[in-house]
Every structure is written in C-alpha cells, then in structure tokens.
1. Taking residue 285, is it assigned to a helix (DSSP H, G or I), over 30 Å from residue 361 (Cα atoms) and charged (D, E, K, R)?
2. Please tell me if residue 290 is without any contact (Cβ under 8 Å) to a residue 60 or more places away in the chain, assigned by TED's automatic domain parsing to the domain that holds residue 172 and of a type in the set (Lys, Arg).
3. Closer than 30 Å to residue 148 by Cβ and assigned by TED's automatic domain parsing to the domain that holds residue 18: which single residue out of 347, 386, 319, 364 fits that description?
4. Going by what's in this entry, would residue 246 be described as among the β-branched types (Val, Ile, Thr), surrounded by fewer than 20 Cβ atoms within 10 Å (Cβ to Cβ) and not assigned by TED's automatic domain parsing to the domain that holds residue 384?
5. Looking only at segment 303-361, how many residues end up being surrounded by 14 or more Cβ atoms within 10 Å (Cβ to Cβ) and assigned to a strand (DSSP E or B)?
6. If a residue has to be surrounded by 21 or more Cβ atoms within 10 Å (Cβ to Cβ) and either part of a helix (DSSP H, G or I) or among the hydroxyl-bearing types (Ser, Thr, Tyr) (or both) to count, how many in segment 257-279 make the cut?
7. Would you call residue 84 of a type outside the set (Lys, Arg), assigned by TED's automatic domain parsing to the domain that holds residue 48 and either more than 27 Å from residue 9 (Cα to Cα) or loosely packed, with under 15 Cβ neighbours inside 10 Å (or both)?
8. Any chance segment 365-375 includes a residue that's surrounded by fewer than 18 Cβ atoms within 10 Å (Cβ to Cβ) and in contact (Cβ under 8 Å) with a residue 40 or more places away in the chain?
Amino acid sequence: MHISVTIIGAGQAGLAMSRCLTDRSIDHVLIERGEVANSWRTERWDSLRLLTPNWMSRLPGFSYRGDDPDGYMANAEVVDFLAGYHRSFDAPVQTNTTVMSVRETDHGYRVVTDQGEWNSRAVVIATGAASTPHIPAVATDLPSAIHQLAPIHYRNPNQIDDGRVLVVGASASGAQIADELQHSGRDVTLAVGDHVRLPRTYRGMDIHWWMNTIGLLDDRYDEVEDITRARRLPSLQLVGTPEKRTLDLNALTDAGVQLVGRLAGVAGSTAQFSGGFANHCASADLKMNRLLDDIDEHATRLGLDRELSAPERPRPTTIGKASTSLDLRDVGTVIWATGFRPKYPWIEEHLLDRKGAIRHEGGIMERPGMYVLGLPFTRRRKSSFIDGVGPDAVELTGQLVQHLDATALSVN
C-alpha cells in the first residue's frame, strides 16, 4: 500500500506526530505492535504514576482535563488519556502489527510488517526509549536459584520470591520499586551508582514547575555542551504520589532499605560493590544544590521571594559505612533497574551508531525522509516527556513537509 508517511509506534510520540500530520491533511498510518499506548498497558508496574504533574500532560490539540492538575496520573489513567487522544482525531492506527524491516527504495521507504507492506516517502520512528531492558553481563554469574527480572516485568510485591531483594540501579524505577518492596515487608538492598537527586517540591512548588519556569526543560539539543552525555543522564530520582513526597536515598534509608555502591561483580555466592558510593552521593547532592541555587536566583530576580516559602534545602545524603559485599544465599530476587538499550533489528545498520542507537541530529536521521521522535533530548531536554513530544513533533513535521514537497517536485 502506498502512503505519504509511515509512523512506527502509537504511543505519545507517534500520536503527537499523527495529530500534526492530520492537521496538515497529510495521509499517513501508525504501525503499532500491540494496542495504542502499548507500553503503558503492558510494561508498567501496578502502582506507577507519572513523574510529571498532570498539567504537564499536553499534546498537540489535547491536554489533561481532569480535576487534579497538580497530581500525578496513575498508569491506567495515562492509558485512558492516550486512548482519548487517539479517539479525539481518529488517528489511523494499525494495531497488533510487527515491523520486520524498513528499507530505502527509489521513491522512499518500504516498511515490511507481518500484516503486509507499506510504501511511503517518509518514515517516523516513534517507538520510545524504554523498550529493551539493559541486563548487565554480570547477571549470568548469579546463582541459578535467584529469580531475575527487569522493571518492565515487575508488577507488584506479590510476584517476588521469598528472601532479600537486590535492586540494581537507583534512578526513578529502581528507587520506586525498592521503596514499594521495603514497605511491603521485604528486606531490600539497593545498589546505587550515578543518579540525579531532586526534591519533589521546592519552596512550595513542584520541581517540574520550577524546571519549566526557569526554562531548563526547553534547553535545545544544539545548545548544550555535550549532547551525548545529556542524552545518557539517568532518569530523575522522583516519585509521583498524592502527598507529593520526596523519594531520595535518605527516604529509602529511613524506610529500612540497605544502600550499597554500584554492583561491581559476583564471586561465587557473593555480590561485590564499588567503594565509590560516597562519591556518587556527593556528586548528586552538588548538582541538586546547583539547580536549587539557579531556582533561588530566578525567584529573587522576579521578585517572588515573599510569595514563596523559605528556601529550605534537603539535607545532605546520609552516608553510613556501606557494605561492599552481600551474601547472595540470602537473596531470592534481583531486579535489574539498569536502564534500557536501543534495539532496532528492522533498521539498516548504517543508520545506527556502534551502541545500536539511531544516529540523528535533532530527530532528523541521516537518510532524507527518516525521523525519530520521543527519545531523551531528541530536540529539547523534555523530549521524552508527554509535555515534550508535542513541540518536537511540530518542528519535525515542518522538516517532513519540506521533504515531501521536495520529493514531489523531483518526481514531477
């Protein structure tokens, strides 16, 4: 079948691009391996909530319309939100369709799926950044009796085997799962490496309100000093809860979670941890306070100090004598909250870098007519948020339309 644009993925990014194309009357199709918002439906744990407040749930032509703008949507609510967005403009989604290959042709691209082929002049890859969990090689050294899983396979504490739980990775997923398991009565050890610490609220306002207000979330890919590093930063150590509580290492320690350094290796029945735990914590504290300094300066510059609560800083991360080893005979489960790695087996290898990530410049890939949307810092710092895919989609649509116009002229 021939069509102008094929979009791969019908999550927030794919739907945002679809709306932009619909507004310009450009024919297109969205290819989705499952249902709309498939990752939210099938790869999230039961208690998960958005890390961003509901008022930041904004997409082209659509936004949050509930009665709790300062709250955080639960997983099922996000599914309903995206399904409502899909219905709002009748996005042309072909569900339960797996992409097998994307190949360049004389007139564009052929997208081969298990349900047929699509020939189009442009392709937008909107499959997101959280599809393939990264499981370190050290996982193969663990005793066979230990149950191992990634956050996309975790649902709730009831599925976890008896024994201590070792959670590896202390960004958003690892911190939240460790916290939930500890409060369920489990004994939890959290292995901590590089992480980004922030308070949930500061001076009475959500931290995302502040980052939005000072313009940090709109930092552009072509303005930061090291875009490669910026795209690889860990997710923010936050949790969305009705009480707006801060979830940092101090909160986890107070709850009873045992903190150790980065997992360095496994020797027999012993897990070994890096001695650099204190350095990771000191670095996270330093960067947090630099951001809070920027916020305070912004508030003073705008004359807001009298309207806001006092600038009380979170206390420094408490560093006890962290153990550098753990007897794995006491461990029943290891949860690998170690992030994700790109996997695009259907894309030609020359379009990927040596780590398998898509090569692109602000979402524009190396082949004319190919684009990517929804990855960390695609075009701006908030690109992977619901609030960020919209502005990126608008800008990439402009680029895409220029490509369609140029190819139409060349054909004629």
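The values are calculated or read from the model by the stated rules, or taken from the named source; none is laboratory data. This one's a predicted model, so the numbers in the text were calculated from it and none came from an experiment. We place every Cβ from the backbone using ideal geometry, glycine too, and count neighbours over all the protein chains shown.
1. On the way: assigned to a helix (DSSP H, G or I): yes; over 30 Å from residue 361 (Cα atoms): yes; charged (D, E, K, R): yes.
Yes; evaluated as a whole, the condition is true for this residue.
2. On the way: without any contact (Cβ under 8 Å) to a residue 60 or more places away in the chain: yes; assigned by TED's automatic domain parsing to the domain that holds residue 172: yes; of a type in the set (Lys, Arg): yes.
Against the criterion (without any contact (Cβ under 8 Å) to a residue 60 or more places away in the chain, assigned by TED's automatic domain parsing to the domain that holds residue 172 and of a type in the set (Lys, Arg)), residue 290 qualifies.
3. Working: 386 fails: closer than 30 Å to residue 148 by Cβ; 319 fails: assigned by TED's automatic domain parsing to the domain that holds residue 18; 364 fails: closer than 30 Å to residue 148 by Cβ.
On inspection, the qualifying residue turns out to be 347.
4. Numbers: among the β-branched types (Val, Ile, Thr): yes; surrounded by fewer than 20 Cβ atoms within 10 Å (Cβ to Cβ): yes; not assigned by TED's automatic domain parsing to the domain that holds residue 384: yes.
Judged against the criteria, residue 246 is a match.
5. 12
6. Filtering segment 257-279 for residues surrounded by 21 or more Cβ atoms within 10 Å (Cβ to Cβ) gives 257, 259-261, 263, 271, 273, 277.
In the following step, the residues that additionally are either part of a helix (DSSP H, G or I) or among the hydroxyl-bearing types (Ser, Thr, Tyr) (or both) were identified as 277.
Final tally of qualifying residues: 1.
7. Details: of a type outside the set (Lys, Arg): yes; assigned by TED's automatic domain parsing to the domain that holds residue 48: yes; either more than 27 Å from residue 9 (Cα to Cα) or loosely packed, with under 15 Cβ neighbours inside 10 Å (or both): yes.
So residue 84 fits the description; yes.
8. Of segment 365-375, the ones surrounded by fewer than 18 Cβ atoms within 10 Å (Cβ to Cβ) are 366-368.
After this cut, where a residue has to be in contact (Cβ under 8 Å) with a residue 40 or more places away in the chain as well, the list is 367.
Yes - at least one qualifying residue is present in segment 365-375.
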